[in-house]
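Asks: The structure follows.
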């Protein structure tokens, strides 16, 4: 199953709105086939593995990271193909998170007399497809908020100057983080202040996510801005195409629901303190990746997030999941405590 | 030598202005005696070890964490006692940092025909007595700045509210930190805002350092304040007893020089953003111990240090030496890059 999970990861940039899935077929203690879901709309992991052995899996065991599908979608149901292959046992990491189909693949296999076990390395499988799972359950993508700040929590000088807070290795790490997400979300303020391209410029990483700008003030009109480069599509959410919140600003949840409707499972938020603060207050951030540089930018500099908190009882409590050094910077992975 | 260093540590609360020193005597592969400097003004480590074997160390090797003294001070010179004991070899971690006597103990031993090696575990020995070393070289004590802050770098709400930022384990760690220092330094603002006792209240830690308050405005007059409790002496530095800086405020370096004159090797700075900022600007902090809680206190809260920095080129660069979790809080050890 560990191998199947590793195979699944290889589909990261191809599967689009689909989950990443890997499959390993074992017979008499030997691996006889393996596959993963490579491209959205094309064959699923199980079929890619079965194809390697001409669908002859008599008496074999399949390890699949996600419950095989039972329905005719863009491709025929995988459960049916497994039944026809002659496999005697299927081990699944996790059930399908889509409430409409969850459990149906397992039922179809069991009805055909195949032994089915579910839950092996389940947490790892859930972690792998946390974006897909969240979208299936809520309609919203999984939002990671990246912040590059000084040790005293500042992300820019009062003048707006912010280059560079973190070191080169941390900035390379951000490139990898971008390439793991389907969309980069930012605000019009960041676009106008820094004119960033928000692309993946690291050699060996070919995937640039779509770029999404929240623009309450219809400020982003100049098509020569780097955000409109040819590297990836760019979407602007403004008051014409998005619901408004009670404060007259764009309703952030509506932006994310629209992205979810487009099949976006994962969003990386790279924005200024205003948008980050509003996203925190709307409880729309699932995970923080904070690069904390070993510097003090001082008390005049701008805080990482505009959060008007006045009492200790109202402070926002996080859970820290991981801390590691990226050269001289710390990288802190955290989430808001429920 | 590792054992000798561990022995040396046991003198932490007794040696006062003196360095911590440990000594182990070995003969034919066996440890025959060990000792450490226990109490200021009383026997040194070498003598305490030699006493265990009635000064009969014929052919033995002494491991000492600091160069044996060659001069008559409050006690007779240790180098002479070693020579008389019949020891044939002395291994030293580091030379005496006092420029007036450094090397003289080694010379006295060598002149008597004893083999001397210096530099074994030298870095560890320097770390152990970094306060003593700094005071010998500069007259200033080693200053550790403790900060308890949120992940976004805030140490109090706009109202001044600050209890509690970090968890109980981190606060216990602060008690240990206090007990390792000879003085706690704070400002009048902190005294008036929080009325802290600045004592060591943890069971098993009996040593409370002296308490030192910097009070430019002659504000600390009420002797019922907790800082005047009977647990330890308290010194107030004000415009009557301290030199002034060009800005009319108390010259911080003069406070530290006065503490150095009193034999204070180690100072723990526990203060508000004003004094911490001024100490950073005066380049008087040797080490930061920052407890970073997994919380966001928001953009209205007060920054850890008042530092009016306007350009990225003026930011203060730190070197991070250690990061570890204290339950849910991070503890970051850092120093300002030279």
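What follows is calculated from the coordinates using simple rules that are stated; it is not laboratory data. Since the model is a prediction, treat every value here as computed from it, not as a measurement. Neighbour counts are summed over all protein chains in view; Cβ atoms, including those assigned to glycine, are modelled from backbone coordinates with ideal geometry.
Asks: Just grab the label-to-label distance for residue A:111 and residue A:333, each label 7 Å out from Cα along the Cβ direction, in nm (one decimal).
Replies: Rounded to a tenth, the inter-label distance reads 4.0 nm.
Asks: Right, next: Can you tell me the length gained on complete extension of the stretch residue A:202 to residue A:251, counting 0.36 nm per residue apart and subtracting the Cα distance?
Replies: Details: separation 49, 0.36 × 49 = 17.64 nm, distance 3.32 nm.
The residue A:202-residue A:251 span can extend by a further 14.3 nm.
Asks: Shifting gears a bit: Report, for residue B:54, each distance to the same residue's label point in the other copies, shortest first and in nm; define the point 7 Å along Cα→Cβ.
Replies: Output for residue B:54: 9.6 nm, nearest copy listed first.
Asks: Ok, one more. Mind sorting A:246, A:266, B:234 by how few other Cβ atoms lie within 10 Å of their own Cβ, fewest first?
Replies: Numbers: A:246 6, A:266 22, B:234 18.
Going from least to most buried by this count: A:246, B:234, A:266.
Asks: Chain B: which residue's Cβ hugs the B-to-A rotation axis most tightly, distance rounded to whole Å?
Replies: B:153, 2
Asks: For chain B, what does the helix formula give at 222 nm: sum of -39500 (n - 2.57) over DSSP H segments with n ≥ 4, over the residue count, nearest 500 deg cm²/dmol?
Replies: Calculated at 222 nm, the ellipticity per residue is -7000 deg cm²/dmol.
Asks: What is the distance, in nm, between label points placed 7 Å from the Cα along the Cα-to-Cβ direction at residue A:314 and at residue A:54?
Replies: Spacing of the two 7 Å Cα→Cβ label points: 7.2 nm.
Asks: A further question on this structure: Where a ≥ b ≥ c are the square roots of the eigenvalues of the C-alpha gyration tensor, would you call the stretch A:1-132 rounded, which needs a/c under 1.5, or, failing that, prolate if a/b is larger than b/c, or oblate?
Replies: rounded
Asks: Before anything else, pin down the relative contact order of the stretch A:1-132: Cα pairs under 8 Å, at least 6 apart, normalised by residue count, whole percent.
Replies: Working: 298 pairs, mean separation 28.8, N = 132.
Normalised by residue count, the contact order of the stretch A:1-132 is 22 percent.
Asks: Shielding by partners for B:286-296, please: the mean number of other protein chain Cβ atoms within 10 Å of each residue's Cβ.
Replies: 4
Asks: Over chain A, what is the mean sequence separation of C-alpha contacts under 8 Å (at least six apart), divided by residue count, expressed as relative contact order in percent?
Replies: Once normalised by length, the contact order is 16 percent.
Asks: While we're looking at this one, here's another question. So what's the convex hull volume per residue for the Cα atoms of chain B, in Å³? Intermediate values should be presented prior to the final figure.
Replies: On the way: hull volume 53.2 nm³, N = 338.
Enclosed volume per residue, from the Cα hull, is 157 Å³.
Asks: Put the label 7 Å from Cα along Cα→Cβ for residue A:84; what are its distances to the other copies, in nanometres, shortest first?
Replies: Going from nearest to farthest copy, the values are 10.1 nm.
Asks: Tell me, B:185, B:252 in order of fewest to most beta-carbon neighbours within 10 Å?
Replies: B:252, B:185
Asks: What are the distances, in nm and sorted shortest first, from the label point of residue B:160 to the label points of the same position in each other copy, with each label point placed 7 Å from Cα along the Cα-to-Cβ direction?
Replies: Result, one decimal in nm: 3.8.
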